[in-house]
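The values are calculated or read from the model by the stated rules, or taken from the named source; none is laboratory data. Keep in mind it's a predicted model, so treat the numbers as computed, not measured. Every residue, glycine among them, receives a Cβ derived from its backbone with ideal geometry; neighbour counts consider all protein chains shown.
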């Protein structure tokens with residue numbers, strides 16, 4: 001039994017919605033597979049540092065694939081066509097990984113170690129550490145493409161990788177919560193305080209990195225005294 005709905009039927013509408021859902025799930029699966037490939041590379045680097053070196057620069061790794069609702073919101077905000085080829089071309093952060101490191105130098109070091117791997121292609125690099133955003137945001141962003149081999153063939157999947165220090169990550173988390181709280185209409189006084197906090201976080205990063213270098217600097221050999 002079917003229930004008429006204008007020019008179509010209830011059963012046909014349900015079938016169409018299921019087909020769209022299944023197609024979207026297949027689309028997102030490619031990004032999940034690409035994310036897994038890049039995560040594995042980072043996990044290998046972390047384990048190598050942990051077991052074969054005296055210092056592990058990776059503090060924390062988190063990842064996510066955007067939800068359908070989040071993708072739809074970005075499609076509307078960017079004003080792009082709501083089809084898969086357009087989304088694939090214009091939204092490069094569907095899959096994202098955040099690597100939290102100890103020091104600023106570690107962000108660049110891990111970026112180099114990851115992007116020098118010959119099966120990755122670097123599409124875009126945005127260095128917000130060297131040139132912070134106007135609100136004080138700092139992070140090193142890279143869009144990389146990684147090959148994923150499906151039963152239907154090879155697919156190049158874009159993954160956004162962000163490298164930031166603990167201080168940068170703490171600041172960005174607070175900034176996100178404030179913007180959410182005020183529905184992006186943040187009072188100017190709070191924006192000024194956020195900018196000051198970003199500068200304080202940068203100063204802390206610099207001080208901690210100097211301390212780290214002092215602790216790990218080669219120790220001079222004691223002089224021998226001859227009588």
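Overview of values
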{"quantity": "Of residues in the stretch 183-194 being within 25 Å of the chain's Cα centre (by Cα) and surrounded by 14 or more Cβ atoms within 10 Å (Cβ to Cβ), the one farthest from residue 172 (Cα to Cα)", "calculated": "186"}
{"quantity": "Checking residue 103 against (1) surrounded by 14 or more Cβ atoms within 10 Å (Cβ to Cβ); (2) farther than 15 Å from residue 28 by Cα; (3) touching a residue at least 24 places away in the same chain (Cβ under 8 Å); (4) touching a strand residue (DSSP E or B) at 6+ places or on another chain (Cβ under 6 Å), the condition it does not meet", "calculated": "(4)"}
{"quantity": "Which listed residue, of 42, 97, is assigned to a helix (DSSP H, G or I), at pLDDT 95 or above and within 15 Å of residue 145 (Cα to Cα)", "calculated": "42"}
{"quantity": "Test: residue in the stretch 158-177 that is modelled with pLDDT under 90 and either touching a strand residue (DSSP E or B) at 6+ places or on another chain (Cβ under 8 Å) or over 27 Å from residue 63 (Cα atoms) (or both)", "calculated": "no"}
{"quantity": "So residue 58, is it touching a helix residue (DSSP H, G or I) at 6+ places or on another chain (Cβ under 7 Å), within 30 Å of residue 22 (Cβ to Cβ) and at pLDDT 95 or above", "calculated": "no"}
{"quantity": "Options 204, 191, 174, 150; residue that is within 25 Å of residue 122 (Cβ to Cβ) and in contact (Cβ under 8 Å) with a residue 12 or more places away in the chain", "calculated": "150"}
